[in-house]
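Everything on this sheet refers to the single structure shown next.
The values are calculated or read from the model by the stated rules, or taken from the named source; none is laboratory data. Please read these numbers as outputs of a predicted model, since none were measured by experiment. Positions of Cβ are backbone-derived with ideal geometry, glycine not excepted, and every protein chain shown enters the neighbour counts.
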Amino acid sequence: MTTHKNVAPVIIKRKKIIVSGGHHGGAWKVAYADFVTAMMAFFMLMWLLNATTEQQRKGLADYFSPTFAINRTSGGGDSSFVGDSIFTEDTLTRQGIGASTIHPTESVGSRGTSGLDDQGVQEDESLNALRDVQDRLKARSGESAVSDDVLKHIVTAVTDEGLVVEIFDRPNRALFDDENRPTQILTHLAQILVESAQIVTNPIAIEAHVAATPVVFADRNHWKDTVDRAEVMRGLILASGMPSDRVARITGHSDREHRVRNPMATRNNRLEIIFLRQN
């Protein structure tokens, strides 16, 4: 048999294909599932913040960070186990987080049988009274079509200073005319405010703000405008039945403090009636 030395050799190449999960593996599915779960939780949080009242949100916050004893009465004493012994049943009792009712000790910070002083109780009562005023203002919504529209000019908030009732202009629904005379809307709001505040005796502060004006109107005295508006509001409140000695101060802030980013926005024309917290 003859061979042809000039014939090139035949080379066969075999490729080994390894399939690893398809579409570059499945790790992206786990990451995508985590992302979808996080977004769902975020939107649920946004919905809850919009659907609940401030009192309900505070209750939820207190539930996850409790600052009170679960049981009113618990084991007491000054040992390392906060009791005479972990095996005895004849131990002293404690009221809440205070010291023992019979033999108070410094180690558990005795303040008496309740564990709290009167100041904390009074502050809570004062704050609850202000929240009642806030609830009464909200409850007036829906009484009539007129009242419901008027109350759209009001937002409230409880701060460290007290209950802030903010009354502001709406488009084509101003509280004052060009001469700083009150409109019928502001007169009605003053009456609603005084009626809702009859359950408290807190002193009040009246503060006025105005929006900035273009350069062509820069000669207008905003300081005088805000002082005049605060004084007008004081007169409306007194005329609606509030005692004069409850007005602690009136303040004009000119156009220096804006509620929204645009300094010339109508929303910056506002009055703040603050029910001051009592010490």
Report summary line: Residues in region 174-198 that are modelled with pLDDT of 90 or more, not in a helix (DSSP H, G or I) and not acidic (Asp, Glu) total 7
Requested in this report: Go through region 212-230 and give me each residue that's among the hydroxyl-bearing types (Ser, Thr, Tyr) and part of a helix (DSSP H, G or I).
Outcome: 226
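I'd like to verify a number: residues in region 193-231 that are among the hydrophobic types (A, V, I, L, M, F, W, C) and surrounded by 21 or more Cβ atoms within 10 Å (Cβ to Cβ), how many?
Qualifying residue count, region 193-231: 7.
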Requested in this report: Identify all residues within region 264-279 that are under 24 Å from the mean Cα position of the chain (by Cα) and not in a strand (DSSP E or B); write none if there are none.
Outcome: 265, 266, 267, 268, 269, 277, 278, 279
Query raised in the report: In region 204-211, is there at least one residue being assigned to a loop (DSSP other than H, G, I, E, B) and over 19 Å from residue 137 (Cβ atoms)?
Result: yes
Report summary line: Checked pairs for region 27-55, first within 30 Å of residue 163 (Cβ to Cβ) and surrounded by 10 or more Cβ atoms within 10 Å (Cβ to Cβ), second at pLDDT 85 or above and not hydrophobic (A, V, I, L, M, F, W, C), C-beta under 6 Å and 6 or more apart or across chains, list as none
